[in-house]
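Reviewing the structure listed below.
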Amino acid sequence: MNAKSTREHLLDVGVELMHQNGYNATGLSDFLKAADLPKGSFYHHFSSKEDFAAAALARYVAHEGEHAASVLNDLKTPPLKRLKRYFTDLTMTYGQTGEIPGCMIGRFSLEMATKSPQLRKLIGASFAGWQHKVAAVVQEAVEQKELPADTDAESLAGFLLNSWEGALLRSQAEKSDAPLEIFLRYALDALAQKPKLKTRCKRR
C-alpha cells in the first residue's frame, strides 16, 4: 500500500468509526485494528488523534457537499421541491433506518466544539458552508416567487439546518424517525404552502 492509499485508507476508517461512535469513544487502537495497520503508519501521516479527526471530518463534509450539490443544483426541479427532496434524502440516510444514524458534524459539535479550537473552527466553517448551499436554493425560491420577496435567505437556511440538527438529535435519543418526519411536515411542507387569499363577502 503506497503512502497516499495508506492515508486515504486510514481516513475511510476514521470517518466510519467516528461517525458511528464519536470522537471520545474511538481510540487510536480502534483505528489501527480496523485499518489493519501499525502505529507507525498512523503517525507517519497524522501528528495526533485531533489532527486525524479534523482530516476525517473534512472528508465527511466534502462527501456531504457532493451529495448536496447533486440534489440542490438540479435546476430542472423547483427550488422548494429540491429542498424537500434534499432533507428527505438526509432523513433516509441518517435517520434510524440509515446505515449509520446521526450526523458526524452534529456529533463532533456536542463532543469537541468546546474542547478543541481546531475542530471548533472546522465545525463552524462546515455549518456555514452547508447553510450557504441551502440559502442559495432559498434565494432561488424567492426569485421564482415561491417565497415572499422579503425572505432573508441566509436566516431561513440557518433555521432549517438548526431545526434539522435538533430533530436528528432527538431522533437519536428516542430511536425514532418521528422528530424528522415532524420537521419535514412543519418546516418543508408548510414552507411550500401558498398563503390563501382572503375574500370579502358582498353585502346584500
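Within the range 108-141, take every residue that is in contact (Cβ under 8 Å) with a residue 12 or more places away in the chain, within 24 Å of residue 16 (Cβ to Cβ) and of a type in the set (Gly, Ala, Ser) and give me the one that is surrounded by the fewest Cβ atoms within 10 Å (Cβ to Cβ). Filtering the range 108-141 for residues that are in contact (Cβ under 8 Å) with a residue 12 or more places away in the chain, within 24 Å of residue 16 (Cβ to Cβ) and of a type in the set (Gly, Ala, Ser), the one surrounded by the fewest Cβ atoms within 10 Å (Cβ to Cβ) comes out as 129. Residue count for the range 52-75 under the criterion of being closer than 20 Å to residue 124 by Cβ and surrounded by 14 or more Cβ atoms within 10 Å (Cβ to Cβ): the result is 13.
Taking the criterion of being within 18 Å of the chain's Cα centre (by Cα) and without any contact (Cβ under 8 Å) to a residue 24 or more places away in the chain, the residues of the range 160-177 that qualify are 162, 166, 167, 170, 173. For the range 13-43, which positions are surrounded by fewer than 14 Cβ atoms within 10 Å (Cβ to Cβ) and touching a residue at least 40 places away in the same chain (Cβ under 8 Å)? 24, the sole residue that qualifies. Only a single item in (1) over 21 Å from residue 181 (Cβ atoms); (2) of a type outside the set (D, E, K, R); (3) in contact with a Ser or Thr (Cβ under 8 Å, 6 or more places away or on another chain) is not met by residue 101, and it is number (1).
Annotation note: Cβ proximity below 8 Å between a residue of the range 59-80 that is over 26 Å from residue 12 (Cβ atoms) and a residue that is of a type in the set (D, E, K, R) and surrounded by fewer than 16 Cβ atoms within 10 Å (Cβ to Cβ) (sequence gap 6+ or interchain) occurs for 77/85.
Taken together, the values in this text are just the output of simple stated rules run on the coordinates, not laboratory data. Source: prediction; values computed, not measured. Counting neighbours? That spans all protein chains shown, and the Cβs are built from the backbone with ideal geometry, glycine included.
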